[in-house]
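Bear in mind these aren't lab numbers, they're just calculated from the coordinates by the rules spelled out. None of the values given here were measured: they were computed from a predicted structure. So basically every Cβ, Gly included, is an ideal-geometry build from the backbone, and we count neighbours across all protein chains shown.
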Amino acid sequence: MLFSEHEQIFHEPRGADVFAQDAGMGSTFESVIPMIPAGKDIQAALDVYGRMGFSVVWQDENMAGICRDTVQFNLVRNDNAEWASNASFSIGVTNLAALYDEYRHAPAIVGPLEPKPWGRVEFHIIVAPGVCFQFYDQSLADDYEPPFRSRALMQEQRCAPSVAFQRVVGRRRRRCRGPSACAR
């Protein structure tokens, strides 16, 4: 069933105007589960994340799914230091001060709980192999105004697919006339 929906959406030749209509027609992104480099040893990473309150959802020898409350990540066995040192995740929480107390002695680098120039109170933690998590108080997020942009402008930019994106997707859709054509 899902594959036939995929074929219908991405393989039927239609114009960009129809695609743009489909893109904004009731679809809502509900969640994201980022992949995080875990270093060479998945089990060691699971131990660290377990001490941070995450539970293992699934595991194999190269990957593991973890969660805490409604936040989920997939850990990937990978010791690419460049990927790890460029991975950063901002997580809204309730009771930030309690989380800071919980994490202050975690086996990681823990930054101070402090107000930031962009208007949030937050702290960061860097876990091996270099992944950074920023935690902020979600209850204050409604009052947060991003620097240099209004919320209305950000909402407007988020909701309108770019013309370049529509052109690229439109070209792909015209070329792909079925699963075998797209596989090439």
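Assign one of three labels to the stretch 29-92, namely rounded, prolate or oblate, based on the Cα gyration tensor with a ≥ b ≥ c the square roots of its eigenvalues; rounded applies when a/c is under 1.5, prolate when it is not and a/b is larger than b/c, and oblate otherwise.
oblate
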Quiz item: How much length, in nm to one decimal, is gained on full extension between Phe29 and Arg104, taken as 0.36 nm per residue of separation minus their Cα-Cα distance?
Solution: 23.7 nm
Quiz item: By counting other Cβ atoms within 10 Å of each Cβ, how are Asp137, Asp60 ranked from fewest to most?
Solution: Asp60, Asp137
